[in-house]
Amino acid sequence: MRTFAIGDVHGCLDTLIAVLEQARPDADDRIVFLGDYVDRGPDSRRLIDWLIAESSTRNLVTLRGNHEIMMLESRYNPLLCRNWLACGGLATLDSYGWQGRRDWPALVPQSHWDFLENTAAWLETEKFIFVHANAVPNLPMQRHNQEQLFWDKCHSLPPHCTGKRVIVGHTRQTSGIPREFEGGVCIDTAAVSGHWLTCLDVDSGNYWQANIEGTTRAGRLETW
């Protein structure tokens, strides 16, 4: 079984499908999504539908990102909702056909709310730690707070105290190239900003990318 990690999709479903066609995971391979399924891109609703459907036949792990947190919190707090809309939530609501309705949470299927609520904070395996935003090198994952897990920018990844490599998203690499650190790698390569969506084979260091135009390419981490 191989393990793949996929960076911030942000509603770019067609781009996700294109990159998976390049990576060609087998049915029993594990695919870890690092969060930020919604906002900014055109197809948040279709993407969540796809993830729910694929979970019945694939080994998917769906982690939580800060944009899922904003969407969940916006259901009950108009002030937080305004902030969410300014951070890309408007594109998500458009995908649900909201047309300015105040009762927009009712437009989101319960299965989608369940999906968002059931996303995991992180995944730790024998060799790797997967988390949306960042990992503090001297802290076990269960001692991390919400800010560290979902919001912190990743400008460095020193070796983690577990000795495991850390795989994160969240911090956009507008170069389009995954950013390697001594302790891990950031694979948010800014797909929704016109750059690339990255799918990384975490064991080999090989990765595949696609952009919103449907162009694909492949590469390999230099220090893996």
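Every number in this text was worked out from the coordinates using simple rules, so none of it is lab data. Predicted model, so just to flag it, every value in this text is computed and none were measured. Here the Cβ is made from the backbone with ideal geometry for all residues, glycine too, and neighbour counts use every protein chain on show.
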Based on the Cα coordinates of the chain, what is the per residue volume of their convex hull in Å³? 113 Å³
Scan the chain and report its longest stretch carrying no GluC sites (Glu not before Pro) that are both in a DSSP loop and have at most 13 other Cβ atoms within 10 Å. 1-125
For segment 3-220, share of DSSP beta bridges that run antiparallel, in % to the nearest 5: 55 percent
Top mean-square fluctuation among 80, 34, 20, Gaussian network model of the chain, C-alpha springs under 10 Å? 80
Using a Gaussian network for the chain with springs between C-alpha atoms less than 10 Å apart, which of these wobbles most: 171, 125, 162? 125
Report, in debye and to the nearest 20, how large the dipole of segment 64-198 comes out about its Cα centre when Lys and Arg carry +1 and Asp and Glu carry -1 on their Cβ. 160 debye
From the square roots a ≥ b ≥ c of the eigenvalues of the alpha-carbon gyration tensor of segment 118-165, which class results: rounded (a/c under 1.5), prolate (a/b over b/c), or oblate? oblate
Segment 57-163 - Rg and Dmax from Cα coordinates, angstrom: 16.3, 49
For segment 14-115, what is the convex hull volume of the alpha-carbon atoms per residue, in Å³? 92 Å³
Within 10 Å of each residue's Cβ, count the other Cβ atoms and sort 141, 71 from fewest upward. 141, 71
Quick one: among 169, 35, 89, which has the greatest mean-square fluctuation in a GNM of the chain with alpha-carbon springs under 10 angstrom? 89
When 217, 179 are ordered from fewest to most other Cβ atoms inside 10 Å of their Cβ, what list results? 217, 179
Rg over Rh of segment 145-210, using C-alpha atoms and the Kirkwood radius, what does it come to? 0.97
If one computes the Cα centroid of segment 183-224 and of segment 135-161, what distance in Å separates the two points? 22 Å
In whole Å, what are the extents of segment 173-219 along the principal axes defined by its C-alpha atoms, from largest to smallest? 31, 18, 11
